[in-house]
Amino acid sequence: KREIVGVLGITRDVTARRLAEQALERERAMLETRVEERTEVLTRTNVALQQEINERRRVESELVRAREMALEAAEAKARFLANMSHQIRTPMNAMIGAAVLLQDTGLDAEQRNYVDTICASGDMLLANVQDILDFSKIESGRLELESWPVDVGHLVEEAIDVVAPSAADRRVELLYLLERDVPAWIVGDA
C-alpha cells in the first residue's frame, strides 16, 4: 500500500481585502472622532443655551417685578395727587367764596377789578389743580373728557387776567383780539 501524502496549498492575495479593512478602520476611527467632536460641540451649545434660557428667565422675572413696582408707584402717585388736590382745593374754594362775597360789597372800580382778578386767578388755580389730576388720570387710563359750552372770549380774558398783574409790573400792556372767524362758543373741556 502506498500512501500518498500531499500538500495542497491555496494562495490567495488578501492585500486588497486587508487594505479595505484598514481603510474601513480608519474611516470608523475618523467617524468616531467626528462624533466625539460634534457631541462635545452639542454639549457646549446645550450648556450655553441653558444659560441663555436661565438668563432670559431672570431678566423676564426682573421685568415683571419692575412693572409691578411701576404700577404700585403710579397708584401711590395717583393717591398722593388726589389727596393733595383735595388739600389745595378746600382752602382755595374758601378764598374764592370770600372773594365772591367781597364782590357784593360796596367796592370802587379799582377794588372790584382786584377782586375780579382774585376770583379769576383762584378759578384758574383750581383748574390747574384739576389738570394735574387729569394728567394722573391719563397715566392710569381713567380720564373722562367733559363736553360743555365754553365761551372763548371769557376763557381768553381769564388767561389774560392771570398774567396781567405780572405784565403791569414790567410795564407791559397786554391786548388780545379774537378774529371774526373764531367762534364765540365752542363745546369742549375748558
Revision key, fill the gap. Of the residues in the range 144-177, those that are over 17 Å from Tyr114 (Cα atoms), open to solvent by less than 60 Å² (accessible area, probe 1.4 Å) and part of a helix (DSSP H, G or I) come to Val152, Gly153, Val156
Point to revise | Subset of the range 178-190 (residues that are in a strand (DSSP E or B), without any contact (Cβ under 8 Å) to a residue 40 or more places away in the chain and open to solvent by 100 Å² or more (accessible area, probe 1.4 Å)) | key: Trp185
Check your understanding: Among Ala74, Ala48, which is in contact (Cβ under 8 Å) with a residue 24 or more places away in the chain and either open to solvent by 80 Å² or more (accessible area, probe 1.4 Å) or hydrophobic (A, V, I, L, M, F, W, C) (or both)?
Key -> Ala74
Practice item. Working only within the range 1-42, note down all residues that are loosely packed, with under 10 Cβ neighbours inside 10 Å and in a helix (DSSP H, G or I). Key: Thr15, Ala16
Practice item. For the range 125-146, enumerate the residues that are touching a residue at least 40 places away in the same chain (Cβ under 8 Å) and among the small types (Gly, Ala, Ser). Key: Ala127, Ser136, Ser140
Exercise for review: Answer with yes or no whether Val115 is open to solvent by less than 60 Å² (accessible area, probe 1.4 Å) and touching a Phe, Trp or Tyr at 6+ places or on another chain (Cβ under 9 Å).
Suggested key: no
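The values are calculated or read from the model by the stated rules, or taken from the named source; none is laboratory data. Everything numeric in this text was worked out from a predicted model, so none of it was measured. Quick reminder, even Gly has a Cβ in these numbers, built from the backbone with ideal geometry, and neighbours come from all protein chains shown. Ligands, DNA and RNA are excluded from the accessible area calculation, which covers all protein heavy atoms including side chains. Shrake-Rupley method; radii C 1.70, N 1.55, O 1.52, S 1.80 Å.
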